[in-house]
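For reference, the structure is listed below as structure tokens.
The values are calculated or read from the model by the stated rules, or taken from the named source; none is laboratory data. Please read all numbers here as calculations on a predicted model, not as lab measurements. When we count neighbours, we look across all protein chains shown, and the Cβ atoms used for this are built from the backbone with ideal geometry, even at glycine. Quick note on the areas: whole protein, heavy atoms, side chains included, nothing else; ligands and nucleic acids left out. Shrake-Rupley method; radii C 1.70, N 1.55, O 1.52, S 1.80 Å.
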Amino acid sequence: MSERTPAVLFVCLGNICRSPLAEAAFRAEAERVGLEVEVDSAGTGDWHVGDPPDPRAQATAMVAGIDISDYRARQVVEDDFFRYDHIFAMDAKNLANLNAMAPTGATAEVTLLLNEVKGREGTNIRDPYLDRENIFAYTWDVVAEAAKALAERLAR
Ligand code: 4NP
């Protein structure tokens, strides 16, 4: 176990679909493995700042027994790059946006979330927001797998 409490931030575009689900899954996995950690999620965009998660995301988390109705979207800020040890992007576009907005001297490690999952390194978590099909159950499965791997790695 590392000497101090790690801080982890999950980032997508709107902070109402993928990153809140990643946050919820990771909070649950951290608790399961007894990992003390600071966790939040944020969006690179500002369209949904202050909004609760998308109703489909809320319903999907509920299937796993997790209530995320009190989460509120926020946008990534410069301080995040110093406050968090790990910033996980849901896809390559978010990663590119994060790298573009990273201030000089940023200390956070910024990577793709799926780099945590063996066999899925370098791949994206597809944006479910405008998908014609409801792919949120799939989104949950993917972020939950990554959350499990990450919690187990950080707990070691
Ligand atoms: P998220 O999904 O990035 O997983 O939260 C999206 C939510 C909203 C928008 C795009 C993606 N939007 O364009 O408003």
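When both residues are 6+ apart or on different chains and their Cβ atoms are under 6 Å apart, which pairs have a first residue that lies in the range 124-140 and is part of a loop (DSSP other than H, G, I, E, B), and a second that is open to solvent by 40 Å² or more (accessible area, probe 1.4 Å) and more than 12 Å from the ligand (Cβ to nearest atom)?
Hits for this filter: Asn124/Ala92.
Sort through Leu95, Leu13 and tell me the only one that's within 12 Å of the ligand (Cβ to nearest atom), surrounded by fewer than 23 Cβ atoms within 10 Å (Cβ to Cβ) and in contact (Cβ under 8 Å) with a residue 12 or more places away in the chain.
The conditions single out Leu13.
In the range 36-64, what residues are open to solvent by 60 Å² or more (accessible area, probe 1.4 Å), assigned to a loop (DSSP other than H, G, I, E, B) and away from the ligand (no atom under 12 Å from the Cβ)?
Result: Glu36, single match.
For Ala30, state whether it is within 10 Å of the ligand (Cβ to nearest atom), surrounded by 20 or more Cβ atoms within 10 Å (Cβ to Cβ) and of a type in the set (A, V, I, L, M, F, W, C).
In short, no.
Pairs under 8 Å by beta carbon, first residue more than 16 Å from the ligand (Cβ to nearest atom) in the range 73-88, partner among the acidic types (Asp, Glu) and in a strand (DSSP E or B), six or more apart or different chains?
That search, which allows pairs on different chains as well, returns Tyr84/Glu38; Tyr84/Asp40; Asp85/Glu109; His86/Glu109.
Looking only at the range 98-108, which residues are part of a helix (DSSP H, G or I), away from the ligand (no atom under 16 Å from the Cβ) and of a type outside the set (Gly, Ala, Ser)?
Residue satisfying the conditions is Asn99 alone.
Going by what's in this entry, would Glu29 be described as touching a helix residue (DSSP H, G or I) at 6+ places or on another chain (Cβ under 9 Å), part of a loop (DSSP other than H, G, I, E, B) and either closer than 18 Å to Ala149 by Cβ or touching a residue at least 24 places away in the same chain (Cβ under 8 Å) (or both)?
Taking the combined requirement at face value, the residue does not satisfy it.
Just checking, does the range 11-22 include any residue being in contact with a Cys (Cβ under 7 Å, 6 or more places away or on another chain) and on the phi < 0 side of the Ramachandran plot?
Within the range 11-22, one or more residues are in contact with a Cys (Cβ under 7 Å, 6 or more places away or on another chain) and on the phi < 0 side of the Ramachandran plot.
Tally time: how many residues in the range 109-129 are more than 16 Å from the ligand (Cβ to nearest atom) and open to solvent by 30 Å² or more (accessible area, probe 1.4 Å)?
10
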